[in-house]
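Nothing in this text is a laboratory measurement; each read-out follows from the coordinates by a stated rule. Just so it is clear, the model here is predicted, and its values are computed rather than measured. Every residue, glycine as well, gets a Cβ built from its backbone with ideal geometry; the counts of neighbours run over all protein chains shown.
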Amino acid sequence: MPKASRLAETSASEFADWAGAVSGKLGQRTPNGFEVIDAGIQIFEKKAKEVKPDVAAADAGAS
């Protein structure tokens, strides 16, 4: 297994929720899809967005 694949697998197992991106050149078509030449893999942790209170709703409730 290539080093990039091992690193991506390790990163994905450390994150509760994650997304990935693959980069490279499309190569020859295969029976199962296609080859990716000079492939790169990045794994990102998906973090929950902080919910901010609605200012307009807070002002309406105060009057």
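Annotation: amide H-H contacts under 5 Å for Trp18 (H modelled 1.01 Å from N, sequence separation of 5 or more, or interchain): Lys46. Taking other C-beta atoms within 10 Å as the exposure proxy, Val22, Val36, Val51 rank Val51, Val22, Val36 from fewest upward. All other residues whose Cβ lies under 12 angstrom from that of Ile43 are scored, Lys and Arg at +1 and Asp and Glu at -1, for a net of -2.
If you take all other residues with their beta carbon under 14 Å from the beta carbon of Leu26, and give Lys and Arg +1 and Asp and Glu -1, the sum is 0. Shown here for the stretch 1-54: chymotrypsin sites (Phe, Trp or Tyr not before Pro) in loop regions (DSSP other than H, G, I, E, B) with at most 15 other Cβ atoms within 10 Å, namely Phe15.
Using 0.36 nm per residue and subtracting the Cα-Cα separation, the extra length available between Ala39 and Ala16 on full extension is 5.8 nm.
Of the trypsin sites (Lys or Arg not before Pro) in the stretch 2-54, which ones lie in a loop per DSSP and count no more than 13 other C-beta atoms within 10 Å?
Details: sites: Lys3, Arg6, Lys25, Arg29, Lys46, Lys47, Lys49; in loops: Lys46, Lys47, Lys49.
Those that pass, being in a loop and sparsely packed, are Lys46, Lys47, Lys49.
Listed by chain and number, the aspartates and glutamates whose C-alpha is less than 16 Å from the C-alpha of Lys3, apart from same-chain residues fewer than 8 away, are Asp38.
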